[in-house]
Amino acid sequence: MTLSDPPVYCVHCGQIEDGGAAHPGCVNPRTALEPPRFCARCARRMIVQITPAGWTARCSRHGELSG
């Protein structure tokens with residue numbers, strides 16, 4: 001990451017991603033199965049809805065993701 005690049009945030013804990021080092025709460029393999037809770041672009045908490053068919057997560061600034 002260079003100074004001109006915006007920071008990228010962890011979608012599970014909201015901390016700044018620092019090039020591959022795992023955050024203590026994000027090393028659990030089950031975390032990979034969870035829907036994102038934080039926006040990767042701004043670290044805002046997202047509104048998450050889980051359904052039998054999948055999930056949707058919505059950031060108030062950057063829109064909706066689904067899986």
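What follows is calculated from the coordinates using simple rules that are stated; it is not laboratory data. Model, not experiment: these values are computed from the prediction. Note: ideal-geometry Cβ built from the backbone for every residue, glycine included; neighbour counts use all protein chains shown.
Just the projected area, averaged over all directions, of the convex hull on the alpha carbon atoms of the chain: how many nm²?
For the chain, the mean projected area of the Cα convex hull comes to 5.0 nm².
Among 43, 53, 32, determine the one that fluctuates most according to a GNM of the chain built with springs between C-alpha atoms less than 10 Å apart.
53
When 31, 51 are ordered from fewest to most other Cβ atoms inside 10 Å of their Cβ, what list results? Present the calculation step by step, with values, prior to reporting the outcome.
Numbers: 31 15, 51 8.
Going from sparsest to densest Cβ surroundings: 51, 31.
Just to be sure I understand the model, the point goes 7 Å from the Cα along the line to the Cβ. What's the resulting residue 62 to residue 33 distance in nm?
With each label point 7 Å from Cα toward Cβ, the separation is 2.6 nm.
Restricting to Cα pairs below 8 Å that are 6+ residues apart, what does the relative contact order work out to for the chain? Please round to a whole percent.
Numbers: 101 pairs, mean separation 17.3, N = 67.
About 26 percent, as a whole number.
What nm distance separates the two modelled labels at residue 44 and residue 26, each placed 7 Å from Cα along Cα→Cβ?
Distance between the two pseudo-spin positions: 2.0 nm.
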